[in-house]
Amino acid sequence: MGIAESAAESETVSTDAAGSETGGAENAGPETAGPENAGSEAAARRDDSVRAAVEQGLIGPDAPIIGLLDSTGIRAAAAALRAAFAQVTTAPVRHTFAVKATPLVPVLRLLHTEGIGAEVASPGELALAQAAGVPPTRTVLDSPAKTPAELRQALALGIAVNADNPQELARIDTLVSSAPTRSPIGLRVNPQIGGGSIDALSTATSTSKFGVALRDAGAREWVVRAYADRPWLTRLHTHTGSQGIPLDLLAEGVRAAYELAEEINARVGRQQIDTVDIGGGLPVNFASDATSPTHADYARILKQRVPGLFDGRYGLVTEFGRSLLAKHGTVLARVEYTKQSGGRPIAITHAGVQIATRTVYQPESWPLRILAYDAKGHPKPGPTVPQDVAGPACFAGDLLAENRPLARLEPGDLVAVPDTGAYYFAHHYAYNSLARPGIYGFAYAPGAGTRFATVRTPQTLDELVAESGGAHGGALA
């Protein structure tokens, strides 16, 4: 059963400590949860899901790490995104989800049912979107390294394509001349307006590998001429970056694209560019359960800074990823052992570099909260003690948190790592050949409690051996 299917069709239920069915604050769905209490309601749903996961045997000694996805929260996020842009423009807006953030077919299908398409950047991501039922008309292909075969497939299907550079545009010229296409086609530009606090995620720097660098000598004139020579080139695409990028810089990147679109349309004497793809990139608050900034905050700033983009002349495309899913995922792991080193308590858990690669290697850029639960899945009370929360990998730096004040963890307790619904389920790192954990969606059904749906089955050891060349054991002998 997938996360997009009705929770009422699942087979599992959660119960409270007394054995009665419970729902708690998760009764409130997206239609009743306002901005002021959405974070607390999501936290209550998370607490119930942790307890239910223990009671229903999803996590335990034989399954010491799992991922949880809050389908109610995902639906609410999709609705909030649609409402945010509906408030600032009457022109059509095509919202797509950056598949790289959470490349799970049930997630993509759920978002599709909520009016969110797919932004793909590889044949694999396109295959996932197709498996989820996302139609070509709601799919956008972006990538700096598209092969001829990828371009040919996308143009044959009618998928929107954003060319990254002049050489790729020349390839598209050849393909379009030999086989007409229904695909909307655009060009990605780099406004070169600077970066944010995380260099690797800043895509509008002076030397970024993405798009046509607008401030390089002769580049802007080349872009204008490229459109003038190609009446079928009708979109313009830009993306300033993601985590670590302030809203002002995001808005500045969109304004640069709008001003370029206006210049091109004036030069060719008609509104050839009819759609601006503003990418995604809204940063996420990892410090609390609050959603800040919101998509509504961003839409309002864009309306203020780039009013002409919202006067009805331009359609819009968005490609949000992390900001749609991060808050609605939790990694849940069992504490296997506890000990001390240098007088500091250390909890050895099953969540580490294999699930939180960025946090382990760059903790200053990717800090995560840690929540302590007892062995029955209840929030753990008691005075806090500074302690390290370590993962299972065999190197000293495999730490999710260092010297973090938490209720004193003991073997059999659980640690929950919230805000991990984006990228943390995507970036499995096979250090020590640690298997990929199972991922389960959850939702509350009135009168039935919290029910789970399998999103991804746990990787078996046979599957791990197979993908590690098991069928070719004698190849080098």
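Structure data summary
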quantity	calculated
Cβ-Cβ FRET estimate between Ser177 and Ala145, R0 fixed at 25 Å, reported to 0.05	0.65
Bridge type composition, the chain - antiparallel percent by DSSP, nearest 5	50
Volume per residue that the Cα convex hull of the chain spans, once the total is divided by residue count, Å³	167
16 Å cut-off, amide nitrogen to a point 7 angstrom out along Thr457 Cα→Cβ, residues in segment 127-151	none
Descending semi-axes in whole angstrom, ellipsoid equivalent of segment 238-377, from the Cα gyration tensor	44, 14, 12
Residues with amide H under 5 Å from that of Ala401, placed H, sequence gap 5 or more	Val389
Net charge dipole size for segment 234-344 [Lys, Arg +1 and Asp, Glu -1 on Cβ; Debye, nearest 20]	340
Mean Cβ count within 10 Å, highest first, over the residues of peptides 57-64, 413-420	413-420, 57-64
Cα long-axis angle, helix 219-228 against the chain (0 to 90 degrees, to the nearest 10)	70
Computed Rg/Rh of segment 142-320, alpha carbon atoms with Kirkwood Rh	0.97
Residue-span extension gain [Lys339 to Ala79] - 0.36 nm each, minus C-alpha spacing	89.0 nm
Stretch gain in nm, segment Asp62-His428, where the contour uses 0.36 nm per residue and the Cα spacing is subtracted	129.8 nm
Residues Val465 and Lys376, FRET efficiency given R0 of 41 Å [Cβ-Cβ distance, rounded to 0.05]	0.75
Quarter of the Cα convex hull surface for segment 206-294, i.e. its orientation-mean projected area (nm²)	6.7
Proximal lysines to Lys380, defined as alpha-carbon separation beneath 29 angstrom and excluding residues fewer than eight positions away on the same chain	Lys327, Lys339
Pair Trp222, Asn285: separation of 7 Å Cα→Cβ label points (nm)	4.3
Förster radius 41 Å - calculated FRET efficiency between Glu410 and Gln167, Cβ distance, rounded to 0.05	0.10
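Read-outs throughout are calculated quantities, based only on the coordinates presented, and are distinct from any laboratory measurement. Just so you know, these numbers come straight off a predicted model, no measurement behind them. Backbone-built Cβ (ideal geometry, glycine too); neighbour counts: all protein chains shown.
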